[in-house]
Each structure stands twice: as C-alpha cells, then as structure tokens.
Amino acid sequence: MIPHACKLLQGRVVADVILNETEDELQRMHLQRPPCVAFLRVGNDGASVSYVAQKEKVAHTIGIKSILKVFDPAQITEGQLIGEIKSLNLDTSVDGILVQSPLPKAIDFVNVCNAIHPNKDVDGFGAENLGRLLQEKNGFTPCTPAGIVELLKFYNISPAGKHVVIVNRSLIVGKPLAALLTKHSIWGNATVTLCHSHSQNLPQLTRQADILVLACGKPGYFDAHFVKPATILIDVGITRISDNSPRGYSLQGDANFEAVSPIVQAITPVPGGVGPLTVALLMRNTLQAFKLQNNFAT
Ligand code: NAP
C-alpha cells in the first residue's frame, strides 16, 4: 500500500514572502520616517509578552518602527486605557495601534478596540473595520483570518464552493474568517459552518469539512475521530505546554498531529503554520495604515 502523503502547509514560508514584499515596497518608497506601530500591553502574561516581542522583532527587521506601552493591570482602568489610545490617535508619528489580548476581566476588549481610530486599527477589530469587512468594502482585515486566506492562495486551495468548518466564533478568528470566506470573490464563495462550545455532536460537523479550521485553544484535542480523508486542516490553536526544554515549554496546536496527519490531505504545523502569517499580515496592515495617513496611494 502506498503510504498516505500529507502535505505540510508551511505558513512560515508564505509569511516570508509577504514580509519580503512589504520590506521591498518600504524600501522603494524612500521615506523620511519609517511607519510606526504602537503596542499596548496590560500585564506580563508570558504568551502576550512573547507575542508582542516577536511582532516588534519582525517589525524592526523589515524597517517598521514600534513603540511599546506596558500597563499595570492593578492600576489601569478601561477609561485610562482608552485615554492612552485617544492620545495615540492624535499622534501623527504613530500610524498603527494594537492592543494585545487578553486584557484583564475588568476591561472590555471590544470597547478598547472601538476607541482606536479606524485608520490606525491595524488589527481590524474595531466596529468600523469589521463592518466594512461584512460589507465587502476596503478596510483593515484581522490578521489571522487574512493570513489564512493568503495561505490558501499560496497553495492554490480555492475555498469556493467548499464546506469550511471553523471551530471558533471569536472576533479574532472565527467571525472575520467566516466573513472573508463568504465574500463574493474567487478566494471566498465558501459555505461556512461556525462551531463553538454549544455546538452539538462536534465530530459529525467537523467530519463534513473540506477545509477545517481549529481555534479552540485545546491542545491535541482533535484526533482521528474529528476528520475525514481529504480534509485540509488549518490549525490556529497555540498553547504553551510546560516541558524540560531550555525555554521551559513547547507550543502545541489543537490537532493531535500524529493522529490526524495520516488521514488528512494537508495540515499546517504548530509552530510554523498560522502564527507567522498573523505577524506578517500585521506588518502589511501597518504599511497600509502609514500610506493611508500620509497621502500615499493605497
Ligand atoms: P477564544 O476567544 O477563547 O475562542 C475559543 C473558541 O473555541 C470559542 O469560540 C469557543 O466557544 C470555542 N471552543 C472552546 N471549547 C470548545 C469545544 N469543546 N468545542 C467547540 N468549541 C469550543 O480564543 P481565540 O482568541 O479566538 O483563540 C483561539 C486559539 O487560537 C487559541 O489557542 C489562541 O492562542 C489561538 N490563536 C492563534 C493565533 C495565531 O496567530 N496562530 C491567533 C489568534 C488566536 P465559545 O465561543 O462558545 O466559548
């Protein structure tokens, strides 16, 4: 019997292409000052610290400036955080603003995102940009869903007419991805099912997927029982698992990779799948924000 060859969808490779394009465009512009993105982080949650550090590192590598503001969760109120955002909205040296989630329970993430000026909302979570996405108008598209579409384009996997099952209904992943994949376009036109913690008989739903997107934050939860042969599996989940390695943890996706990779047609690895795409799309959005605010054609 010929062993089943599961294709690895290398998000990191696609991310590098996007970063190179963004860096090339920046260099061709011969700017007097680089684009600048402001990161706001509340507290010192390990994953948030490393996500922001990674975004800053990539930004600097391709010639984007970043500033980081860190707030004490015991001190900062929602009103004060919104006040910080309002002053960054007025600051003409700042092109993009990103608030790293999660925020403390006392601060409403949606209220905070809605305070970011739509032209600086490089994460695309504000009401105006999400509304524009639903209306299929230009705007900032949330980076993880936009990265998933770039991955599909790179590997020439058309979602049109396919059944895409997404296990997530958050504003960060599931809802904007559903909006993107149901656009009237060749990289849309999918039939989308959104699943969540109240969905009944989840394996019956996920086994219908031509393209299955997992974003539960449940490491290794999805085993052979959840997939059918020929599924394209996009694993968005990232969870830190403590181990004895020098950094003290490894990253695991929601899929049980060993169990599902012999079955599915293609799969994104964790790490090296969707994560780098999210960062690359943030850089592209930051350049777009710079152009919008500095009278360059977009
Ligand atoms: P979230 O807001 O907590 O969303 C989790 C989603 O999973 C919710 O819709 C939840 O349903 C659903 N869910 C949880 N348990 C379930 C179950 N047993 N059956 C079915 N659905 C279930 O988290 P998020 O911010 O969207 O992130 C989700 C995961 O993606 C995390 O691991 C995160 O680290 C990762 N992530 C990765 C990237 C990247 O760049 N790779 C970017 C963003 C997020 P309810 O809505 O009913 O609670």
(message) Could you work out [θ]222 nm for the chain from helices alone, using -39500 (n - 2.57) per DSSP H run of at least four and dividing by all its residues? Round to the nearest 500 deg cm²/dmol.
(response) -11500 deg cm²/dmol
(message) Rounded to the nearest 20 debye, what is the charge dipole size of segment 64-153 about its Cα centre when +1 sits on each Lys and Arg Cβ and -1 on each Asp and Glu Cβ?
(response) 120 debye
(request) Could you list the square roots of 5 times each eigenvalue of the Cα gyration tensor of the chain, that is, the equivalent ellipsoid semi-axes, sorted largest first and rounded to whole Å? (result) 32, 22, 19
(message) Please compute the contact order of segment 1-158 in relative form: average sequence separation of alpha-carbon pairs under 8 Å and at least six residues apart, divided by the residue count, as a percent.
(response) 21 percent
(request) Quote to one decimal, in nm, the extra length available between K105 and K7 on full extension: 0.36 nm per residue of separation minus the C-alpha distance between them. (result) 31.3 nm
(request) Would you mind computing, in nm to one decimal, how far apart the modelled labels at Q54 and D91 are, each placed 7 Å from Cα along Cα→Cβ? (result) 2.5 nm
(request) Counting other Cβ atoms within 10 Å, keep those with at most 15, restrict to DSSP loop, and tell me which GluC sites (Glu not before Pro) in segment 107-198 are left. (result) E136
(request) Quick one: dipole size for segment 33-117, taken about the Cα centre, charges +1 on Lys/Arg Cβ and -1 on Asp/Glu Cβ, in debye to the nearest 20. (result) 240 debye
(request) Just grab the label-to-label distance for N20 and Q32, each label 7 Å out from Cα along the Cβ direction, in nm (one decimal). (result) 3.3 nm
(message) What distance in nm separates the two pseudo spin-label positions at K228 and H163, each 7 Å out from Cα along the beta-carbon direction?
(response) 0.5 nm
(message) Per 0.36 nm of contour for each residue apart, how much would the distance between L134 and A47 grow if the chain were fully extended, relative to their Cα-Cα spacing?
(response) 28.3 nm
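Since every read-out is calculated from the coordinates, none of them should be taken as a lab result. Bear in mind the structure is a predicted one, so any value in this text is a computation, not a measurement. We place every Cβ from the backbone using ideal geometry, glycine too, and count neighbours over all the protein chains shown.
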